[in-house]
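Worksheet: the structure to be examined is printed underneath.
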Amino acid sequence: MNPDPHAESDPLARQRALLGRLKASSFPHEAGEISVIETHISFVVLTGPFAYKIKKALALGFLDFSTLERRWFYCQEELRLNRRLAASLYLDVVAIGGAIDTPQIGGSLPALEYAVKMVQFGQDGLLDALVTRGEARPADMDALGRLVADFHHRLPRAQTAEEQEYGTPRAILAPMQDNFSELRRLIETPEERRVLDQLADWSRKQFTEREPDFAARHRDGWVRECHGDLHLGNVVRLDAGPCVFDCIEFNPAFRWIDVGSEVAFLVMDLSERGRPDFGFRFLNAYLELTGDYGALDVLPFYLVYRAMVRAKIAGIRAGQPSLSEAGRTAALAQAHAYLAYAQRCTARKPPALLITHGVSGSGKTWASQHLLEAGPAIRLRSDVERKRRHGLCPLAASHSGLGRGLYDASASDATYRHLRDLARSVVVAGFSAVVDASFLERRHRDLFRQLAGELGVPLILVHCEAPPPVLYERVAARQQQGGDASEAGAEVLRRQLQTAEALAADEPAMDLNRALVALGRNG
């Protein structure tokens with residue numbers, strides 16, 4: 001007997017009836033207490049060791065799961081796409097056979113439904129939960145930056161005519177406009193409408209100003225088949241490190257995007273949750289590996305765009321009739337928080353240009369890490385960019401002798417000129433630039449003093465020092481531990497101490513604490 005008289009004519013009711021009949025014996029493995037989590041577009045069956053994700057029989061315009069064949073196809077797509085980042089979690093696509101009254105996971109055909117089989121994990125390990133509890137760690141941000149950078153590096157560029165249509169300026173403009181149109185229907189108060197109109201005007205102006213940048217990034221191959229939904233709730237901390245799951249499988253236009261849009265989503269989510277330091281730590285870890293500093297030109301636009309996406313989703317959730325009053329209040333508060341964050345993005349303080357000064361081991365990279373987290377600031381490391389210019393990854397050994405190869409005078413001058421050009425692009429994009437280099441020669445410091453004057457921004461010189469015994473101890477420990485882009489050892493340090501040009505009277509310097517205060521007034 002069918003448990004739901006409407007199930008035959010209503011596919012969604014049929015799915016609910018099937019789920020209501022699942023029990024431990026329905027699974028080909030031991031199962032604990034069976035529970036079902038319902039999302040906007042899926043049912044997730046939790047069994048203890050495994051989770052089974054079933055797509056709702058829906059057609060919503062931006063997705064179509066209306067037929068069993070379509071649900072099978074998108075289950076396969078979900079498996080394919082998510083195994084790029086979470087192969088340990090995504091196991092298989094399984095059929096649900098038998099009858100609605102007695103369903104069997106992995107049962108014989110014909111299939112009643114299909115499900116993506118996943119390893120079940122605890123919700124307390126999700127990054128949004130860790131941030132809420134204050135348990136997220138700086139190391140999580142570094143690892144996540146490396147993970148996403150490696151993922152984006154491995155993604156192929158668009159090949160087919162259809163793929164090449166994604167990520168064009170026209171494809172960027174349409175969803176931005178749709179967000180504001182949808183939000184206007186959800187906004188209730190005149191003040192909120194005024195804020196929304198201001199954000200819409202800012203976004204249109206930004207789009208117009210940056211349209212050549214969007215086109216150039218599309219042309220240069222920065223539009224790739226990304227994850228598409230990289231927010232805190234889709235990252236879980238496992239024993240092996242952060243794992244990103246639940247990418248968008250149902251609409252390729254949502255995942256074929258500029259990698260800068262993908263990165264902006266996580267930066268926005270961390271910053272809106274009160275951890276901008278983590279957002280910029282993640283961003284800098286990502287940029288240090290990819291060298292994609294051109295993404296900064298479009299990052300402010302994408303930060304606001306991603307905030308509007310989340311505000312829209314929260315607003316839609318608040319309007320669901322099944323939601324409790326407490327749930328509605330929470331959803332509205334979340335929508336307001338995203339609007340407030342977007343407003344802050346459109347009114348950032350003017351940027352500054354910061355350069356470090358000190359020999360190897362004096363703490364320049366440590367200090368610059370604190371400065372970038374106090375940003376919004378972007379760090380440029382001479383040790384990284386020097387190698388990038390010569391086709392080497394940050395941790396590669398250049399096998400250059402003292403004052404030779406990558407470190408001879410002409411190569412060093414070229415590195416500082418390259419850092420100057422990068423710093424210019426960072427500041428023009430609206431972010432403070434922190435240049436992590438020794439700056440032991442006056443002429444290199446003058447390059448950046450001149451740049452600050454041209455850009456009309458303050459130059460902050462951050463002096464780092466330590467007693468010689470400590471310096472030698474630090475560089476020896478760094479060489480022994482590995483894992484850092486610097487190749488400076490005792491011989492290099494000895495030469496630096498002998499030849500460094502002291503700061504002149506017209507070169508006022510600050511320690512880290514004073515620099516942080518100065519950056520707070522500007523960045």
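Take the Cα atoms of the chain, find their three principal axes, and give me the spread along each one in whole Å, biggest first.
Extents along the principal axes: 90, 54, 46 Å.
Go through region 392-482 and name the chymotrypsin sites (Phe, Trp or Tyr not before Pro) that are in a DSSP coil and have 12 or fewer other Cβ atoms within 10 Å of their Cβ.
Passing sites in region 392-482 do not exist.
If you project the alpha carbons of region 353-522 onto the principal axes, what extent comes out on each, in Å, largest first?
Here the Cα extents, ordered largest to smallest, are 39, 34, 29 Å.
In percent, how large is the relative contact order of the chain, given Cα pairs closer than 8 Å and 6 or more residues apart?
Relative contact order comes out at 11 percent.
For Cα pairs less than 8 Å apart in space and 6+ apart in sequence, what is the mean separation divided by the residue count of region 11-120, i.e. the relative contact order in percent?
26 percent
Please tell me the relative contact order of region 266-316 in percent, rounded to the nearest whole number, where contacts are Cα pairs under 8 Å and at least six residues apart.
That works out to 32 percent.
To one decimal place, what orientation-averaged projected area in nm² is obtained for the convex hull of the Cα set of region 158-277?
Averaged projected area of region 158-277's Cα convex hull equals 9.6 nm².
What is the gain in length, in nm to one decimal, between residue 333 and residue 92 on full extension, counting 0.36 nm per residue of separation less the C-alpha to C-alpha distance?
Stretched out fully, the residue 333 to residue 92 stretch lengthens by 83.0 nm.
Just for the chain, what percent of DSSP beta bridges are antiparallel, to the closest 5?
70 percent
Quote to one decimal, in nm, the extra length available between residue 449 and residue 349 on full extension: 0.36 nm per residue of separation minus the C-alpha distance between them.
33.9 nm
So if R0 is 45 Å, what FRET efficiency would residue 204 and residue 38 give, r being the distance between their Cβ atoms, rounded to the nearest 0.05?
With a Förster radius of 45 Å, E is 0.75.
What FRET efficiency, computed as 1/(1 + (r/R0)^6) with R0 = 25 Å and r the Cβ-Cβ distance, is obtained for residue 413 and residue 495, rounded to the nearest 0.05?
0.90
Return the subset of 55/312; 205/364; 56/312; 23/312 for which the Cα-Cα distance in this structure is over 32 Å, preserving the input order.
Those over the limit are 205/364; 23/312.
Using unit Cβ charges (K, R positive; D, E negative) and no other charged atoms, how large, in debye to the nearest 20, is the dipole of the chain about its Cα centre?
660 debye
Using helices alone, I'd like the mean residue ellipticity at 222 nm for the chain: each DSSP H run of four-plus residues gives -39500 (n - 2.57), total over residue count, nearest 500.
Rounded to the nearest 500, the figure is -16500 deg cm²/dmol.
Under 20 Å from the 7 Å Cα→Cβ point of residue 154, by amide nitrogen: which residues of region 89-103?
What the label zone holds, given the 20 Å backbone N cut-off, is 89-93.
Please work out the FRET efficiency for the pair residue 174 and residue 389, using the Cβ-Cβ distance as r and a Förster radius of 41 Å; give the result to the nearest 0.05.
0.60
Fewest to most neighbouring Cβ within 10 Å: what's the order for 313, 248?
By the 10 Å Cβ count, ascending, the order reads 313, 248.
Contour minus end-to-end for residue 239 and residue 481, with contour as 0.36 nm per residue of separation and end-to-end as the Cα-Cα distance?
84.9 nm
Coordinate-derived values only; no laboratory data. Remember, predicted model here, so these are calculated numbers, not experimental data. So basically every Cβ, Gly included, is an ideal-geometry build from the backbone, and we count neighbours across all protein chains shown.
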